[in-house]
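K.L.:
Sharing a structure, written as C-alpha cells. Questions coming.
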Amino acid sequence: MTVLVLGDQLTRRNGPLSAQPDESALLIEATDFARRHPYHPHKLTLLFSAMRHFRDTLRDAGRTVHYYEESTFERAFDDHFERRPGDELVLMAPASHGTVDRLRSMVERRGGSLTVVENTKFLCAPETFDEWADGPPYRHEQFYRFLRRQTGYLMDGDQPVGGEWNYDDQNRETPPDDWTPSDPPVFEPDETTRRIQSWVESAFHGGYDGPPYGGDWADPGPFRWPVTRRQAVQALDDFVTHRLADFGPYQDAMVEDEWAMSHSLLSTSLNIGLLGPGEVIERAISAHEDGDAPLNSVEGFVRQVLGWREFVRHVYRREMPGLATANQLDAGEDLPDFYWTGDTEMACLSDVVDGVRKRGYSHHIERLMILSNFALLYGVEPAQLNRWFHAGYVDAFHWVTTPNVVEMGSYGAGAFATKPYAASANYVDKMSDYCSACPYYKTKTTGDGACPFNTLYWDFLDRNEELLRSNHRMGLVYNHLDNKGDEELAAIRDRATDLRRRASDGKL
Ligand SMILES: Cc1cc2nc3c(=O)[nH]c(=O)nc-3n(C[C@H](O)[C@H](O)[C@H](O)COP(=O)(O)OP(=O)(O)OC[C@H]3O[C@@H](n4cnc5c(N)ncnc54)[C@H](O)[C@@H]3O)c2cc1C
Ligand code: SF4
C-alpha cells in the first residue's frame with residue numbers, strides 16, 4: 001500500500017499519512033500540468049518547492065518516498081506500477097471536481113487500485129453540509145451559524161460569544177492617514193527554492209504559449225511565501241501577534257501601496273495543507289481570550305476561515321460541473337488586456353493588477369470590488385475571468401476560485417449570491433484612497449474623463465434589467481435608474497460603447 005499525496009495535500013498531522021505511519025508515500029511533479037495555464041511563476045515555485053521540502057521532511061522522518069519528476073501523471077504511474085505491480089494507493093479526497101475519476105482510471109488501467117479517504121483539510125464533512133443544506137440557493141450566514149454551533153468556536157453555550165453573530169458594523173472602517181500596518185514576513189528562498197526558481201524560469205517562462213501573453217505576463221518581485229510547515233507556523237504567529245487586532249476594522253479597506261493591509265496571507269498555507277483551519281481559528285480565538293485581539297477582529301477572521309472557506313468548498317462540490325460555465329447574465333465580453341499588462345489609466349485597477357503581476361496576490365476586497373466588479377460591469381464572460389484568477393494567484397485552486405469568481409464575483413448562477421456585487425466609484429472612493437490620484441473623475445458618469453466604473457455601473461443595470469429588476473434587493477438602484485431621463489441613458493450607453501472600444505484598443 002502507498003499513500004498518494006497530491007501537491008496541495010502536504011500534511012502528515014492528519015489524513016492518510018497520519019493514519020498509515022508505516023506506509024510509503026508517492027508524490028508526482030507533472031510538468032505538463034504546470035503548462036495548462038500561464039501560471040504566475042511564484043505559484044509554480046510555491047508548489048514545487050513545498051512538495052520537495054515535504055518529500056525531504058518525510059524522508060528525514062524515516063518514511064520511504066517515491067518522488068517522480070515527469071511530464072505527466074500517466075508517465076509517473078507507468079514507472080510506479082512497473083516497479084510495484086498491483087500497488088494499492090490511498091488518497092485524501094481531492095477538493096477539485098473530477099480529479100478522483102481521472103486518477104482512478106489512470107491507476108486501474110495500470111493494474112493498481114485507488115481508495116479515497118476523507119479530506120482533513122476542511123472542518124465540515126460533506127455529509128454534515130448535505131444534511132444542513134436545502135439549496136441551491138445556499139445561505140452563508142445560516143451555514144456559518146450552524147458551523148459555529150457544531151464546532152463550538154466563539155460560542156458561549158448556545159449563544160455567540162459577545163452576544164452577536166457578527167460585528168460587520170465595526171468592520172467597515174478605513175484607516176487614518178498615519179496608519180502603517182506591520183510588515184508581513186518574508187521567507188527568504190533557501191537552496192531548494194532557489195533551484196526551483198531558476199528551473200521555473202527556464203522551463204516555464206514562456207512555456208505556456210496560449211493567448212494572450214504566453215507565460216510572460218507576470219512581473220515577479222522577490223518570492224516570499226512559506227514553503228514548509230515551520231515557515232507556515234511562523235507566518236501564523238506573525239499574523240496573530242502583529243496584524244490580527246487590526247484585521248477586523250480594516251478588512252474591507254484599500255490603501256495604495258499597502259498591498260497586505262492587516263490580512264493574514266495564510267491562504268497559500270491553508271490551501272496546500274501546511275496549516276489546518278482548526279489550528280488557525282484556535283490561535284485567533286486564544287489571542288482574543290488572552291486580551292490580545294478584539295472580538296470584532298477575531299470574529300471577522302473566524303467568519304472567513306470557518307464560514308466562507310468551508311462554505312465555498314461545499315457549494316462547489318454540489319454545484320459542479322455546471323458552476324464552472326454558469327453565466328446567467330449572458331456576459332460575453334473578452335477580458336481586457338490590462339488584466340495581464342496592468343496598462344490602464346484607472347488608478348485602482350492599475351495598482352491592483354500590478355500587485356498581482358508582482359506577487360500573485362491581492363486581498364479579498366481588491367479581488368471582489370475592483371477586479372471582479374469591473375469585469376462584472378464590463379460584461380466579461382465569467383469562465384474567462386476564472387481562468388485569469390486561476391493562473392494569476394498563488395492561492396488559486398479550482399475549488400476556491402470557481403465559486404468566488406463565477407458566483408460571488410460574476411453573479412453567474414445565483415447559487416449563493418443574493419445580488420450582484422456591483423458598485424460604482426462611490427464605493428471605491430469610500431473604501432480606498434485611489435480616486436484622489438486618478439485621472440478619471442469619480443463623480444462623473446458621462447462625458448470626457450468620467451470614471452468607467454460609473455458609466456459601466458448604470459449600463460450594467462440597464463442591460464440586465466430583465467433579470468435584476470425583480471430582485472427585491474435591487475429595488476432602490478432601479479428607482480435611481482428610473483430617475484435618469486432618456487437623454488442621460490443614451491449618453492451612458494454611448495460612453496459605455498466608447499469605453500469598450502478603448503479597452504480593446506488598450507487605451508482605457
Ligand atoms: C474573485 C475572488 C477570487 C478569489 N480567489 C481565491 C483563490 O484563488 N484562493 C483562495 O484561497 N481564496 C480566494 N478568494 C477568497 C479570498 O479573497 C482569499 O482567500 C483571501 O484574499 C486570501 O488572502 P488572505 O490569506 O490574506 O486572507 P484573509 O483576508 O486574511 O482571510 C483569512 C482566510 O479566510 C479564507 N477566506 C476568506 N474569504 C474566503 C472566500 N471567499 N473563499 C474561501 N476562503 C476564504 C482564506 O483561507 C483566507 O486565508 C477569492 C475571492 C474572490 C472575491
Ligand atoms: S475614479 Fe474610477 S477608475 Fe479612478 S480610482 Fe476611482 S473608481 Fe478607480
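The values are calculated or read from the model by the stated rules, or taken from the named source; none is laboratory data. What you are looking at is a predicted structure, and each value in this text was computed from that prediction instead of being measured. Here Cβ is always computed from backbone atoms with ideal geometry, including for glycine, and neighbour counts include all displayed protein chains. Quick note on the areas: whole protein, heavy atoms, side chains included, nothing else; ligands and nucleic acids left out. Shrake-Rupley method; radii C 1.70, N 1.55, O 1.52, S 1.80 Å.
K.L.:
Only one residue in Thr72, Thr64 is over 23 Å from Leu270 (Cα atoms) and open to solvent by 70 Å² or more (accessible area, probe 1.4 Å). Which one?
P.N.:
Residue meeting the stated conditions: Thr64.
K.L.:
Can you find even one residue in the stretch 401-422 that is surrounded by fewer than 23 Cβ atoms within 10 Å (Cβ to Cβ), among the basic types (Lys, Arg) and within 25 Å of Phe122 (Cα to Cα)?
P.N.:
Among the residues of the stretch 401-422, not one is surrounded by fewer than 23 Cβ atoms within 10 Å (Cβ to Cβ), among the basic types (Lys, Arg) and within 25 Å of Phe122 (Cα to Cα), which makes the answer no.
K.L.:
Sticking with this one: Which ranges mark the helices (runs of 4 or more DSSP H) fully within the stretch 371-418 that have 2 or more residues being away from ligand 1 (no atom under 11 Å from the Cβ)? Step through it out loud before you land on a result.
P.N.:
Working: elements: 373-378, 382-392, 398-401.
In the stretch 371-418, the matching helices (runs of 4 or more DSSP H) lie at 373-378, 382-392.
K.L.:
In the list Tyr457, Tyr441, Tyr427, which residue meets the criterion of being out of contact with any Lys or Arg (no Cβ under 9 Å at 6 or more places or on another chain), of a type outside the set (Gly, Ala, Ser) and within 16 Å of ligand 1 (Cβ to nearest atom)?
P.N.:
So the residue among Tyr457, Tyr441, Tyr427 that is out of contact with any Lys or Arg (no Cβ under 9 Å at 6 or more places or on another chain), of a type outside the set (Gly, Ala, Ser) and within 16 Å of ligand 1 (Cβ to nearest atom) is Tyr427.
K.L.:
Also, quick follow-up: Return the only residue of Asp494, Asp486, Asp395, Asp482 being open to solvent by less than 30 Å² (accessible area, probe 1.4 Å), acidic (Asp, Glu) and more than 16 Å from ligand 2 (Cβ to nearest atom).
P.N.:
Asp395
K.L.:
Among the candidates Arg359, Arg367, Arg309, which residue alone is surrounded by fewer than 23 Cβ atoms within 10 Å (Cβ to Cβ) and more than 16 Å from ligand 2 (Cβ to nearest atom)?
P.N.:
The conditions single out Arg309.
K.L.:
Right, here's the next one. Being surrounded by 22 or more Cβ atoms within 10 Å (Cβ to Cβ) and within 16 Å of ligand 2 (Cβ to nearest atom): is that true of Met254 here?
P.N.:
yes
K.L.:
Search the stretch 401-423 for residues being without any contact (Cβ under 8 Å) to a residue 60 or more places away in the chain and among the small types (Gly, Ala, Ser), and hand back the single one that is farthest from ligand 2 (Cβ to nearest atom).
P.N.:
Restricting to residues being without any contact (Cβ under 8 Å) to a residue 60 or more places away in the chain and among the small types (Gly, Ala, Ser), the top hit is Ala417.
K.L.:
I would also like to ask the following. Does Asp56 meet the test of being open to solvent by 30 Å² or more (accessible area, probe 1.4 Å), outside the structural domain of Glu407 (by TED's automatic domain parsing) and more than 30 Å from the chain's Cα centre (by Cα)? Please lay out each step first, then the result.
P.N.:
Values: open to solvent by 30 Å² or more (accessible area, probe 1.4 Å): yes; outside the structural domain of Glu407 (by TED's automatic domain parsing): yes; more than 30 Å from the chain's Cα centre (by Cα): no.
Criteria not met by Asp56.
K.L.:
Met320: farther than 22 Å from Leu467 by Cβ, modelled with pLDDT of 95 or more and away from ligand 2 (no atom under 12 Å from the Cβ), yes or no?
P.N.:
Here the answer is yes, as Met320 does meet what is asked.
K.L.:
Test Leu123 against the criterion of being open to solvent by less than 50 Å² (accessible area, probe 1.4 Å) and out of contact with any Ser or Thr (no Cβ under 6 Å at 6 or more places or on another chain), and give yes or no. So that I can check it myself, show each step before the final result.
P.N.:
Details: open to solvent by less than 50 Å² (accessible area, probe 1.4 Å): no; out of contact with any Ser or Thr (no Cβ under 6 Å at 6 or more places or on another chain): yes.
When the stated conditions are applied, Leu123 does not pass them.
K.L.:
For the stretch 443-459, enumerate the residues that are open to solvent by less than 20 Å² (accessible area, probe 1.4 Å) and either aromatic (Phe, Trp, Tyr) or in contact with a Leu (Cβ under 8 Å, 6 or more places away or on another chain) (or both).
P.N.:
Answer for the stretch 443-459, where residues must be open to solvent by less than 20 Å² (accessible area, probe 1.4 Å) and either aromatic (Phe, Trp, Tyr) or in contact with a Leu (Cβ under 8 Å, 6 or more places away or on another chain) (or both): Pro452, Phe453, Thr455, Leu456, Asp459.
K.L.:
Looking at (1) within 16 Å of ligand 2 (Cβ to nearest atom); (2) farther than 30 Å from Gly135 by Cβ; (3) at pLDDT 95 or above, which one does Ala437 not meet, given that it meets all the others?
P.N.:
(3)
K.L.:
Same structure again: Do you know which residues across the stretch 312-323 are of a type outside the set (D, E, K, R) and open to solvent by 20 Å² or more (accessible area, probe 1.4 Å)?
P.N.:
Hits for the stretch 312-323 are Met320, Pro321, Gly322.
K.L.:
Further, regarding this structure: Search the stretch 338-356 for residues being part of a helix (DSSP H, G or I) and of a type in the set (D, E, K, R), and hand back the single one that is nearest to ligand 2 (Cβ to nearest atom).
P.N.:
Asp351
K.L.:
Among the numbered criteria (1) within 16 Å of ligand 1 (Cβ to nearest atom); (2) open to solvent by 60 Å² or more (accessible area, probe 1.4 Å), which one does Ser470 miss?
P.N.:
Unmet for Ser470, out of (1) within 16 Å of ligand 1 (Cβ to nearest atom); (2) open to solvent by 60 Å² or more (accessible area, probe 1.4 Å): (1).
K.L.:
Being modelled with pLDDT of 95 or more, more than 30 Å from His472 (Cβ to Cβ) and over 12 Å from the mean Cα position of the chain (by Cα) is the requirement here; does Leu349 meet it? Even if it seems obvious, please write down each step before you answer.
P.N.:
Working: modelled with pLDDT of 95 or more: yes; more than 30 Å from His472 (Cβ to Cβ): yes; over 12 Å from the mean Cα position of the chain (by Cα): yes.
For Leu349, the condition - modelled with pLDDT of 95 or more, more than 30 Å from His472 (Cβ to Cβ) and over 12 Å from the mean Cα position of the chain (by Cα) - is met.
K.L.:
Could you please tell me which pairs satisfy a Cβ distance under 8 Å, a separation of 6+ or placement on different chains, a first residue in the stretch 457-468 that is farther than 15 Å from Ala490 by Cα, and a second residue that is hydroxyl-bearing (Ser, Thr, Tyr)?
P.N.:
Going by the 8 Å Cβ cut-off, the qualifying pairs are Glu465/Tyr478; Leu468/Tyr478.
K.L.:
Since Glu299 meets every condition but one in (1) within 16 Å of ligand 2 (Cβ to nearest atom); (2) more than 19 Å from the chain's Cα centre (by Cα), which condition does it not meet?
P.N.:
For Glu299, the exception is condition (1).
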